[in-house]
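The values are calculated or read from the model by the stated rules, or taken from the named source; none is laboratory data. In this text, all values refer to a predicted model and were calculated from it rather than measured experimentally. Every residue, glycine as well, gets a Cβ built from its backbone with ideal geometry; the counts of neighbours run over all protein chains shown. Heavy atoms of the whole protein, side chains included, go into the accessibility calculation; ligands, DNA and RNA do not. Shrake-Rupley method; radii C 1.70, N 1.55, O 1.52, S 1.80 Å.
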Amino acid sequence: MIIDELPMGPKRMLTLRVFLLLFLLSGLSVSQVTYVDVAATGAGTGTSWSDAFTNLQTALAATAQGDIWVAQGSYFAGPRGQRSATFQLKNGVGLYGGFVAGETSLAQRDVPGNPTYLSGDIDQNDTYGSGANWWQFAWSGSLGNSYHIVTGTGTNATAILDGFTIIAGRGDGPVLPGGAGLLVNVGSPTIKNCTFRYNAVGYGSAARLIDCNSVFENCVIKDGYTCNCGSGGWVSGILITGSSTVTFTDCDFLNHYYVSSQGQGRGAALNIGFGCQSTLTRCKFVGNQTGNFYPIGGGTAYGAGVVANGSVVADRCEFVDNFAHAGAGLTAWSDATITNCLFAGNRAVSHPSGAGFSDGNYGAGLLTLGFSNTNTIDVVNCTFADNQCDKGAGAAFYGASMATIRNCIFFDNFGYPPVPGEDIVPLLKKQIVGNYDLAHCCVEGLFETIVGEDPPNASNFPACFDDSPLFVNLANGDFHVQPSSPCISAGDNTALSPSLIWDLDENPRLVGAVDLGPYEFAGTAFPSLVSTNLVMGSSATFTVHNANPGEWVYFLYSISGVGSGPCFPAPINLCLDLNDPITVAAVVLADINGTAVQTAAIPLGLPTIDVWAQALMLRGPGLIDSVLTGVTQDILQLQP
């Protein structure tokens, strides 16, 4: 029987009361909203935008459960002089900024358009410089600012900070230095859509996370500064210690500066401590710097972007334009899995030790260190280009554990001009050095013979080549590849975890045979030809990628150079680029991925001359759609 069918009387009245009570109770289960607007002029009860609290601390004290919506403006943890005052996050309370005041749903807010500041400038007198060195000239120093603007100690993932700019903390507090923007000492708040800026001094100027399992999403951590110049501290970005597992997704670490007076190598933007773990997805580390206070001595500064003493997993990340003595982009001492990442424009320089030698000047993009031979180091589908230092400008694998490298590009990395009397660094060693296992990679100088050494053995580098990847625009930092790049479809699909389904552009990663580098080519690829070195008494491999599956590929060679070679009769209008005489070395059927491989045994006793090679594919009615690859050039080398 439904309510309307009950006769009027006590029974029906009781049922109505129960129904109304249940309705009211159900309303209480819906998240309650408390409103804060520094510009509000109403009753100050927090029950609506017009009657919003004007003080965020008052709203936090009044809210045991639910959401706090905060309108644009600046909010201070305490008055002038109360440096220990902090915004303490609470379990079950979501703190949301980015409102103009008047919104009725979270979806209506505009975080960038309505900046909501949690400011450590409690004496309201800070000034800042501009550009990369904002701290150097016009910065007032923040001497009277909050020790920790926000605290997440004792919280879990239901304590949410979302949509704020946390600005101008100074982490020189007497109890736990650092964490000027955010301090978590045993806790795991959720941090989303936040910007940390102009936080300075201490251990982890932007955030210090101790025994923390937080998730950071869509955050910008930028313009941090700290100097270990007597007062202590390191890492101007985020420092993770204790037993922590912290995840960063779509976060940018920009323009951090850490200067050390000791041999600490603790990084500038992000430090993952011993025993900690961190996963980085679609994050950017750009323009970070670390160096030494002393021009001579004081130790080597590592890892301006990331120093990972604990384990790190990085997928679809960019490490660009960072500066250090070594490992400017990323320095890893433990397990590291790095996939679909770009390392470009990073720079490492030498630093005089004061003991008659210099250290640094290695691993500008990526550096691995460590004494354990049981670490897992996997680098898959990454590009290392335009990095600068003399030893392994792309990557230096100096740890005891061997790095496994698959589907990567190491090209156009460079060193410094040699000083008089200094040995010239071989081209290969400017790209990559150390303890590594390489397969399915494009590495500049890989098959060049280093003076005084035997020619490289191609069998040690399966499916690798040293032909140009043909970047779209190296000078302008576009490391996608052109349609005729030999890196297209040249990778090993089994090297990628099944969970890695997207490339750095968020395009599907596996479209047939995977490409080399972090970007999957999206257009129509042209056939390309690559080869290993030609050593007498050994085998050489010539490989065509991006032929049509199942078509015949003609491998041609000449010892007479290149030019306007023989042409097919009309209507084909196709001319070879090899000069006569031309030899057909082999005809090979392309596989289902459009790959054709010719293996040639190079006999002994040949002259040391140049050999040019090209591949031909005959297509279409009357062969009018036939195509050629580009030409490779190699010199026949004597057997070691």
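Treating each Cα of region 72-140 as an identical point scatterer and summing with the Debye formula, the log10 of I(q)/I(0) at q = 0.12, 0.18, 0.21 Å⁻¹ comes to -0.48, -0.91, -1.02. For the chain, the share of accessible area belonging to carbon and sulfur comes to 56 percent (1.4 Å probe, ligands and nucleic acids excluded). With the largest listed first and rounded to whole Å, the semi-axes of the equivalent ellipsoid of region 57-111 from the Cα gyration tensor are 22, 15, 8. Its alpha carbons give region 592-638 an Rg and a Dmax of 15.0, 44 Å. Each pair of Cα atoms in region 100-176 enters the Kirkwood radius, and Stokes-Einstein at 25 °C and 0.890 mPa s then converts it into a translational diffusion coefficient of 164 µm²/s. Taking max minus min of the alpha-carbon positions on each principal axis, region 265-418 gives extents of 38, 35, 27 Å, largest first.
Accessible area per residue for the chain is 41 Å², calculated with a 1.4 Å probe on protein heavy atoms, without ligands, DNA or RNA.
How much length is gained if the chain between residue 65 and residue 50 is pulled fully straight, taking 0.36 nm per residue apart and subtracting their Cα-Cα distance, in nm to one decimal? Write down the numbers at each step before the final one.
Numbers: separation 15, 0.36 × 15 = 5.40 nm, distance 2.13 nm.
Here the answer is 3.3 nm.
Mind checking the log10 I(q)/I(0) for region 496-640 at q = 0.08, 0.19, 0.21 Å⁻¹? Debye, one equal scatterer per Cα, no solvent, two decimals. Here log10 of I(q) over I(0) equals -0.28, -1.12, -1.24. Inter-part distance, region 554-610 to region 387-438, computed on C-alpha centroids, equals 33 Å. Along its three principal directions, the equivalent ellipsoid of the chain from the Cα gyration tensor extends over semi-axes of 57, 33, 19 Å, largest first. Built from the Cα atoms of region 371-464, the convex hull projects on average onto 6.6 nm², one quarter of its surface area.
Run through the DSSP bridge list for the chain and note the antiparallel percent, rounded to the nearest 5.
Roughly 20 percent of the DSSP beta bridges within the chain come out antiparallel.
Here region 136-283 is treated as an ellipsoid with the same Cα gyration tensor; its semi-axes, largest first and in whole Å, are 21, 16, 15. For region 409-455, report the translational diffusion coefficient in µm²/s to the nearest whole number, using Stokes-Einstein at 20 °C, 1.002 mPa s, and a Kirkwood Rh over Cα pairs. Once the numbers are plugged in, D ends up at 178 µm²/s.
Once you've got the Cα coordinates, tell me which of 284/391; 222/429; 192/222 are over 27 Å apart. The answer is 222/429. With each label modelled as a point 7 angstrom along the Cα→C-beta vector, the residue 476-residue 127 pair spans 3.9 nm.
The label-point distance for residue 448 and residue 505, in a model that sets each label 7 Å from Cα toward Cβ, rounds to 3.0 nm. For region 409-512, the calculated P(r), taken from all Cα-Cα distances in 10 Å bins from zero up to the bin holding the longest distance, is 12, 37, 34, 13, 3, 0 percent.
Under the rule of -39500 (n - 2.57) per DSSP H run of 4 or more residues, summed and divided by the residues of the chain, what mean residue ellipticity at 222 nm is obtained, to the nearest 500 deg cm²/dmol?
Values: 3 runs with 31 residues, N = 640.
Theoretical 222 nm ellipticity from helices: -1500 deg cm²/dmol.
For region 273-330, the Kirkwood hydrodynamic radius from C-alpha pairs, put into Stokes-Einstein at 37 °C and a viscosity of 0.692 mPa s, yields a diffusion coefficient of 271 µm² per second. Here the relative contact order of the chain, from alpha carbon pairs under 8 Å that lie six or more residues apart, stands at 5 percent.
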